[in-house]
Structures are given as C-alpha cells and as structure tokens.
Amino acid sequence: MSVNSQHDAREVPVSACEPQSLEDFETALVRFHSYFGDPVETLEATLNNDPEFVLGHIFVASAMLIMGERQYISAIRNSIERAEALSTKSNEREKMLVHAARQWMEGRWDRACETWDRVLTDHPRDAMALQLAHLTDFFRGDALNLRDRVGRTLTHWHRDIPGYSYIQGMYAFGLEECNQHKIAEETGYYALSIEPRDGWAVHAIAHVLEMQGRYDEGITMYTERVNDWAPGNGFAFHNWWHLALYYMERDDFNGALGLYDSRILPEPCDLSSQLLDASALLWRLMLQGVDTGSRWNELADMWARKTELENGYYAFNDFHALIAFVGAGRLSNAREILAAVENTAEHSTRLNAMMSRDVGIPACRAMLAFGEKRYDETVSCLVNLRPIANRFGGSHAQRDILSQTLLDAAIRDGQLALASNLLSERKCNKPMTPLSKLYEARIYH
Ligand SMILES: [Fe+2]
C-alpha cells in the first residue's frame, strides 16, 4: 500500500501533511518498533521542514514520554503544546493521541492507556498507539493488558500489513507475562520468521527461556542471533542483561560480570533503564558473594547525578537507584530515596503515588534493611509483597530480584523453614539449576 497524505501505510487516517513527512513517520515508526535508530531524531528534522505535521509532534512527545524520565518533561510539554495548537487542523484520532500524551505527562498513565484503547477501538492498526500503550502496560505491570490489548487488535492485522511482525512480537511478550510460555515462544519465533531484526520479539523469547530455567538454550538463542539484536540496537543493553541472567543461573558469575563491563554498562550513562539493569545485576552478584570491586560506587555516582531530578518520578526506577546506593554502602543516599518515595506516596496525585505506596516503600525498606543487615525486616517487608509487586511495573524476570533477596535474607536470618519453602517454589517454577543448587547448599549445609 502506498503512503499518501490522508492515510498511513496501515490505512490509519492522518490529517493533511507533506508527503515526505508521512514517509518520515513510517521510517520513525519502524525505528520505534525495532529499536534500530533514533525515531525522535528522525522526526525532529521532519518537523523543521513541516512544522504543522501534527502527528510528528505527537510521535516526538510520546516517544520521549515512554522513556519514563522526568528529565525530558520540558521537551515533551513543548511538543504537546505544539500539537495542541494545531487542533483545528487535526483529525479526531490525532486529538485523542494528544490527549493521551497529556494524560501521560501529568502522571495519569492508566488514563492514557484508556485513551489509547479508545483510539485502537476505532483504529486497531494504529501501531504507534498500540506500542505506546503496550510499553505503558509494562510500566504499570499490567500483564493482562500486555497480552489482551494487543489481542484486541489482532483480527485487524495480517502479515501483508507493514509492521505486522512487531505486533506479533508485542503479543509474544504479553503471553509470556501471562505465563502462557509455550504459545509465547511460538509467537515470538513466528514474529522473527517474518522480521528477524526485532529486539522486542527476541526479548519475549528470552523471557520464556528465563522463566523456565532454560539457560543453555537462552545463551544459544542469543548467540546465534546476535547480529539481529545487538549491533546498533537501542534495546540491546537489556537483552545483554538477560544473557547475563542465564550466566547467573548456570553459576557463571564471571561471565555475568564480563557482560556487565563490556555490554550492559560499558561506559557512564544517564539512562534510567540501563542503570536499572546494571543495579539489578550487581545486586544478584552481591547476593552470591561476588566481589564486584569499585562497580557499585561507580554506578551509584551515575545514579547520584540523576536522583535530585528523578527521585519520586517512578517507583521502579527509585527502587533500583536505592539498591545501587545500598550496594555502595552509601546508606544516607539510599534513605534520601526512600524519603522521596514516601513523600510521593503521601502527596502526589500521579499514578506513581499508588505504585510508591503499595510496592515502592516496602520494597525500598526491604533493601535498605538488607544493607543494614536487618535481615528479619527484609523478610517481613518482602514476604507478602511479591503477589502485588507487579503494581510498580517491570517484568516477572526483573521482579525476581525480590524473590531472590527474600530467599537470601531468610537464609541469613536463620529462617530456614521459610527458605526451604521459597526454594521449593523456585524449583517448581524452574527445573533445578546450578543457582538453585547454591541456595540449596546454603539451606541444608
Ligand atoms: Fe526483559
């Protein structure tokens, strides 16, 4: 299907614009789906030439929003206001998309998803709206919508429509988060059979293999496909993190540490999602007694440059910043983050207030207590938290840090009956792995 000034390549209506602008939008959308290239940069150049391209302003605002960081808010607000100023020239869909972006910016992430869902009801092939809602479902830990929001649109797609494989990749991840591992894996490979260069679909398969303890298969899958998901891909650091988890599972801590240095955080960075993975991996290594040298302090320095602005913006990020400070032994910095999370829970009207109250506070208190060797408090904070921990977002694999810390703290506190049961839970979810054997040896020494 050719792109024209009235509809995009998926027959979704677009208000009048320069033909080149719509072509650039298609390029940006593929970059957004695949994580190859910078979609925002692509459209910023377009908007210089066609400043009334409202969909371009919406895309730029939305793609920055979904980074989940306060540091982009002024740029986001600027793009939203430019789109709002063009409302008389916008179609109904575009007005709704602007509204969703504003709701997101104001912290009403659940409301933004509802608005995108209304857009998708009328335009189920709006791939941009679908991915924005999908990623926001991830931020909110909404497993059912990770699967079903995609599922509601699927009957309107077929493989001849541009971007179809990416929709299948999203669906694969949603299925995995709903614990439908077999069909998730099949769907992920189906997506890759159409478009192998899809970091999100590879990632969906990686999650299945992680949840089932299939670490050797995971290493093989990533290694065989490395040229499709790693070089030049903006999401590669997170796939490298998953590869490091497989190394952890097979008791190859040096391999995991090597990936930390070479791939996950090879140089200083200010992106929360990347720092977050670094924190999570160092914490897991710390639980296993691995000496990580100066890495905690270096990582804490990177977080410290961000926290004044970002504290209290998103509880999931706050939690991972806090554990970096705990790991580095900088407990006063960790307490500052906990105070910010508590303040957000009490005073904010954003959705993050609920996330902070329900999960952020007990999770942060648990890790701080761990750093102060008050393992009984770590256990009491975490033991009933895990079933609702999805409320502060992330994936099952990411939130496993809570389960591993609980198990570890139970062992350190001598609560061996609890530890034994937690290990039983782990062994039921994953066949016995070398990492589980290490925990077993500590419980039954
Ligand atoms: Fe992941």
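Coordinate-derived values only; no laboratory data. Everything quoted here is computed from the prediction, not taken from an experiment. Don't worry about glycine lacking a Cβ; one is built from the backbone with ideal geometry, like all the others, and counts go over all protein chains shown.
Quick look at the values:
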{"quantity": "Modelled FRET efficiency - R0 22 Å, His7 with Thr155, Cβ distances, 0.05 increments", "calculated": "0.65"}
{"quantity": "Rounded to 10°, Cα long-axis angle of helix 127-139 versus longest principal axis of the chain", "calculated": "20 degrees"}
{"quantity": "Cα-based Rg and Dmax for the chain, where Dmax is the largest Cα-Cα distance (Å)", "calculated": "21.9, 72"}
{"quantity": "Spin-label proximity, Asp376 to the stretch 415-440 - amide N less than 13 Å from point 7 Å beyond Cα toward beta carbon", "calculated": "415"}
{"quantity": "Whole-angstrom gap from the stretch 227-298 to the stretch 143-162, using each part's C-alpha centre", "calculated": "32 Å"}
{"quantity": "Where trypsin sites (Lys or Arg not before Pro) fall in DSSP loop in the stretch 135-195, at most 15 other Cβ within 10 Å", "calculated": "Arg152, Arg159"}
{"quantity": "Listed residue pairs exceeding 30 Å between alpha carbons, taken from Lys95/Lys306; Lys306/Lys373; Lys182/Lys306; Lys373/Lys427", "calculated": "Lys95/Lys306; Lys182/Lys306"}
{"quantity": "Length-normalised contact order of the stretch 135-180 in % [C-alpha pairs under 8 Å, at least 6 apart]", "calculated": "49 percent"}
{"quantity": "Value of D in µm² per second that Stokes-Einstein yields for the stretch 15-82, Kirkwood Rh from Cα pairs, at 4 °C (1.567 mPa s)", "calculated": "109 µm²/s"}
{"quantity": "Interchain or long-range residues, amide H under 5 Å from His7's placed H", "calculated": "Val14"}
{"quantity": "Counted charge near Gly393, where neighbours are those whose Cβ lies closer than 10 Å (Asp, Glu -1; Lys, Arg +1)", "calculated": "+1"}
{"quantity": "0 to 90° range, to nearest 10: angle between helix 331-347 axis and the chain longest Cα axis", "calculated": "50 degrees"}
{"quantity": "Most mobile listed residue (Ala112, Ala244, Ala45) in the chain, GNM with C-alpha springs under 10 Å", "calculated": "Ala45"}
{"quantity": "0 to 90° range, to nearest 10: angle between helix 73-84 axis and the chain longest Cα axis", "calculated": "30 degrees"}
{"quantity": "Note, ³J(HN,Hα) from phi for the stretch 259-270, Karplus 6.51, -1.76, 1.60, rounded to Hz, x at Gly and Pro", "calculated": "5, 4, 6, 8, 10, 7, 9, x, 8, x, 8, 10"}
